[in-house]
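Have a look at the structure below, then the notes.
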C-alpha cells in the first residue's frame with residue numbers, strides 16, 4: 001500500500017529509543033522529513049556527535065523567530081526519570097555495570113531496548129535535545145520543525161514502584177509521573193496547535209498504554225496518567241476536527257522497551273529473593289496470562305500502524321485509541 005507520505009514533515013517526541021525510535025525509522029522510510037526530540041541523544045549521536053550528517057541541537061539553542069537563541073535553563077539531566085519512548089523511570093540505583101540494586105539481593109538487568117534501537121539514525125532526520133515537561137523547550141522544538149504535517153508523541157515513564165494495593169505508593173510519587181506522561185503531552189499539543197490550526201490539515205498521535213484502559217494496579221500513577229491522556233485525546237480530537245486535523249492514541253501491549261523492563265524491576269523488588277524471576281521468564285509468563293495471541297508486540301508494529309494513521313487512508317479516523325496489544329483489550 002502506498003501511504004503517500006513522501007515529503008511530509010513528522011515531529012517525533014521520545015525519539016531516541018524504543019517505540020519512538022521505531023517511529024523515526026518508519027516515517028523516514030516512507031520518505032518523510034523527520035524531526036526528533038528527546039532528553040538524551042540517540043546512542044550514535046551521543047557517541048560521535050553526528051549520525052548521517054546530523055548533529056544534535058539543544059532546545060535552548062534553537063533560535064527564536066526574529067532573534068537569537070535565549071537560554072531557557074537546565075536541560076533534563078541524568079537525575080531525572082528518562083523521557084524516552086518506551087523508557088524507564090524505574091526506582092533503585094542502576095549501576096554502571098547495568099545491574100539494578102533492588103535490596104535483599106539483585107536482579108541482573110538485561111538490555112530491554114527495542115530492536116528499533118539498532119537501526120541507524122536516518123540521514124536527513126534532525127534531532128533536538130530537550131525536556132518535554134518544559135513548555136518553552138517544546139515550543140522551540142515546534143519552531144525548529146517548521147511546517148509540520150504530523151506529531152507523534154512517544155514519551156512515557158513509570159514511578160519505578162509497584163502498587164497492589166495503590167497505598168504501597170505515596171501521594172508524593174504521583175506528581176512527577178503525571179508531569180512526564182500527561183503534562184508533557186499537553187505541552188506538545190499546545191506547542192504544535194498553531195501550526196495545525198493554520199495549516200488546517202495533519203494529525204497528532206499520542207502513545208498511551210493498556211494500563212490506562214484497564215485501570216492496571218501495577219503502577220497506579222502511570223495508569224491514571226495514561227487514562228488522562230486518552231481522555232485528552234478525545235478532547236483534542238473534537239477541538240481540532242473543525243480544522244481538518246485528526247487526533248488519535250496508540251496503545252501498545254508487551255513491547256521490549258526500557259519502560260517494560262522497569263515494571264519488571266519494580267515488581268521483583270517487592271518479592272523475596274527466592275521468588276524473583278529473570279526478565280525473560282517473567283515476560284513469558286505474563287504474555288501467556290494476558291495476551292490471547294500469546295506473543296510479544298514490537299516497536300516496528302506500532303510504528304507501522306502510526307504511519308498508516310498519518311496517511312490519507314485513515315482520514316476518517318479520529319478520537320480513537322488503537323491497540324497493538326495481542327488482544328489484551330478488546331473493544332465493543
Legend entry - Lone qualifier among 291, 262 - being under 25 Å from residue 152 (Cβ atoms) and over 16 Å from the mean Cα position of the chain (by Cα): 291
Legend entry - Residue that is modelled with pLDDT of 95 or more and over 21 Å from the mean Cα position of the chain (by Cα), where the choices are 314, 332, 280, 310: 314
Inset, instruction - Consider residue 274 carefully, then state whether it is buried (at least 23 other Cβ atoms within 10 Å of the Cβ) and more than 23 Å from residue 166 (Cβ to Cβ). - result: no
Inset, instruction - Restricting attention to the range 241-259, report how many residues are touching a strand residue (DSSP E or B) at 6+ places or on another chain (Cβ under 8 Å) and under 24 Å from residue 204 (Cβ atoms). - result: 10
Inset, instruction - Considering each of 223, 262 in turn, give the residue that is out of contact with any strand residue (DSSP E or B) (no Cβ under 7 Å at 6 or more places or on another chain), farther than 22 Å from residue 24 by Cα, assigned to a helix (DSSP H, G or I) and in contact (Cβ under 8 Å) with a residue 60 or more places away in the chain. - result: 262
Legend entry - Members of the range 185-213 found to be in a helix (DSSP H, G or I), in contact with a strand residue (DSSP E or B) (Cβ under 8 Å, 6 or more places away or on another chain) and buried (at least 21 other Cβ atoms within 10 Å of the Cβ), listed by number: 185, 188, 189, 192, 196, 210, 212
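To keep it simple, each residue is scored yes or no on (1) within 24 Å of residue 228 (Cβ to Cβ); (2) buried (at least 18 other Cβ atoms within 10 Å of the Cβ).
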{"site": "289", "(1), (2)": "no, no"}
{"site": "296", "(1), (2)": "no, no"}
{"site": "307", "(1), (2)": "no, yes"}
{"site": "318", "(1), (2)": "yes, yes"}
{"site": "322", "(1), (2)": "yes, yes"}
{"site": "328", "(1), (2)": "yes, yes"}
Inset, instruction - Report, ordered by the first and then the second residue, all pairs with beta carbons closer than 8 Å, sequence separation of six or more or different chains, a first member in the range 193-213 that is under 23 Å from residue 243 (Cβ atoms), and a second member that is at pLDDT below 95 and not in a loop (DSSP other than H, G, I, E, B). - result: none
Legend entry - Filter pass, residue 66 being surrounded by fewer than 23 Cβ atoms within 10 Å (Cβ to Cβ) and either within 25 Å of residue 310 (Cβ to Cβ) or modelled with pLDDT of 95 or more (or both): no
Inset, instruction - Return yes when residue 280 is in a helix (DSSP H, G or I) and in contact (Cβ under 8 Å) with a residue 40 or more places away in the chain and no when it is not. - result: yes
Inset, instruction - Just name the residue that is farthest from the chain's Cα centre (by Cα) out of those in the range 132-160 that are farther than 30 Å from residue 31 by Cβ and crowded, with 24+ Cβ neighbours inside 10 Å. - result: 159
Inset, instruction - Determine, yes or no, whether residue 305 is touching a residue at least 40 places away in the same chain (Cβ under 8 Å), touching a strand residue (DSSP E or B) at 6+ places or on another chain (Cβ under 8 Å) and not in a helix (DSSP H, G or I). - result: no
Inset, instruction - Determine if the range 145-158 includes at least one residue that is in a helix (DSSP H, G or I) and modelled with pLDDT of 95 or more. - result: yes
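The values are calculated or read from the model by the stated rules, or taken from the named source; none is laboratory data. Owing to the predicted nature of the structure, the values given are computational and were not obtained by experimental measurement. Glycine also receives a Cβ, built like all others from the backbone with ideal geometry; neighbour counts cover every protein chain displayed.
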